[in-house]
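See below for the structure under consideration.
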Amino acid sequence: MNKDALNALNDIMSQYSTIASHHITDESSKQFLGVRNSICRFCKKTTPDVSFKKDAHALPHCIGNNALFTYNECDLCNYKFGRLLENEFAKFMHLNHTISGVRGKNGYPKYKMDDALIKTTGSNIDWSDVPIENINHNKDAGLIKIKQKIPAFIPIAMYKCFVKMALTLMPDNELVQFENTLDWINEENHQNTKYPFENLLLFHGNVATTERFHGISAILVKRMDNTDRTKPYIMFRLTYATFMFQVPIPLSKMDTTKKVTEFPYIPNLPDLKFGFNKMEIGLMNLHYTESLRGTEMTVTIKDLDGSGTVKYIDA
Ligand SMILES: [Zn+2]
């Protein structure tokens, strides 16, 4: 185990405690959070004003979750968040999800943009229909870089999508601290907002390797009483396939700092196993409220065999 990562993890765990933790694998059976036909935690309505007929995914289907659902979300909110938030996140991750073989609602995604087509069977990836100038294949190093455009997406909606996941997993007793956060993610118009932000920071990481996370893990950590109160009150961390995302949950009554410019990073399994260099980690500011078009993304895949075939191996 890597010493630096372990020390960093111990440091975090002396300041934050875990208040929710979910691990989903292919074998996980269907599980529901909350109580059937209860109140919707997002619009506060109950039956007969709203219905609870649809199985609401607690984490998006597009990240491979078809096991963890929630009773605490009505059909209207389910539809609204799908359209407004999850679609934007799925568009941002479309190229990545295809390359990493993340199975969504319609099976394995197929990336098709401009002249490029990328397909996956879940165990092998086919990039033969990508223009040659967009591919950098170093066979000796077992490394491939694919550069492609991603669909237009709205950065703030993607951020709100992570916040929505966090609020879904949040224990009832903590939700009272996040009334403004609920109000914020319910806003239909991202520009016309009661809560303008200059900073909405997200840690994102990609192990860029065929060795990947086993299943989906989602955790919420809460600041301990003796921890510096300028640190975010609650943070959310999601890992699945080759990806990691971590966000502080904004607009809590318990936060003393409105403008979060830094927050502690939670080391994950590849960090502990291989050290901090294995995962490519970046910090994104997702406060932008308009649709971003023509964004180019370079996806790196490491540890290929000589033929260039990607074989997925669970970490
Ligand atoms: Zn609702």
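A few remarks follow.
- Taking (1) farther than 30 Å from VAL102 by Cα; (2) more than 16 Å from the ligand (Cβ to nearest atom); (3) modelled with pLDDT under 95 in turn, SER28 satisfies each apart from (1).
- No other residue among ILE249, ILE185, ILE266 is in contact with a helix residue (DSSP H, G or I) (Cβ under 6 Å, 6 or more places away or on another chain), more than 23 Å from ARG41 (Cβ to Cβ), of a type in the set (A, V, I, L, M, F, W, C) and at pLDDT 95 or above apart from ILE266.
- Here GLN246, GLN191 are screened, and the one residue that is surrounded by 22 or more Cβ atoms within 10 Å (Cβ to Cβ) and either in contact (Cβ under 8 Å) with a residue 12 or more places away in the chain or of a type in the set (A, V, I, L, M, F, W, C) (or both) is GLN246.
- For ASN2: the one exception among (1) within 16 Å of the ligand (Cβ to nearest atom); (2) modelled with pLDDT under 95: (1)
- Of the candidates VAL207, VAL163, the single residue that is at pLDDT below 95 and surrounded by 21 or more Cβ atoms within 10 Å (Cβ to Cβ) is VAL207.
- Residues that are more than 22 Å from LYS302 (Cβ to Cβ) and of a type in the set (Val, Ile, Thr) within the range 189-216 comprise just one, THR193.
- Answer residue from the range 14-25, given it is closer than 22 Å to MET165 by Cβ, surrounded by fewer than 18 Cβ atoms within 10 Å (Cβ to Cβ) and not small (Gly, Ala, Ser) and is nearest to the ligand (Cβ to nearest atom) among those: ILE19
- For the range 47-81, the tally of residues that are touching a Ser or Thr at 6+ places or on another chain (Cβ under 7 Å) and surrounded by fewer than 18 Cβ atoms within 10 Å (Cβ to Cβ) stands at 1.
- Of all residues making up the range 285-299, the number that are assigned to a strand (DSSP E or B) and polar (S, T, N, Q): 2
- Sub-6 Å Cβ pairs linking a first residue in the range 67-91 that is in contact (Cβ under 8 Å) with a residue 24 or more places away in the chain and within 12 Å of the ligand (Cβ to nearest atom) to a second residue that is in a loop (DSSP other than H, G, I, E, B) and of a type in the set (D, E, K, R), at least 6 apart or interchain, are TYR71/ARG36; ASN72/ARG41; ASP75/LYS53; ASP75/LYS54; ASN78/LYS54, ordered by first then second residue.
The values are calculated or read from the model by the stated rules, or taken from the named source; none is laboratory data. Here the structure is a predicted model, which is why all the values come from computation and not from measurement. For neighbour counting, all protein chains shown are included, and Cβ atoms are generated from backbone atoms with ideal geometry for every residue, glycine included.
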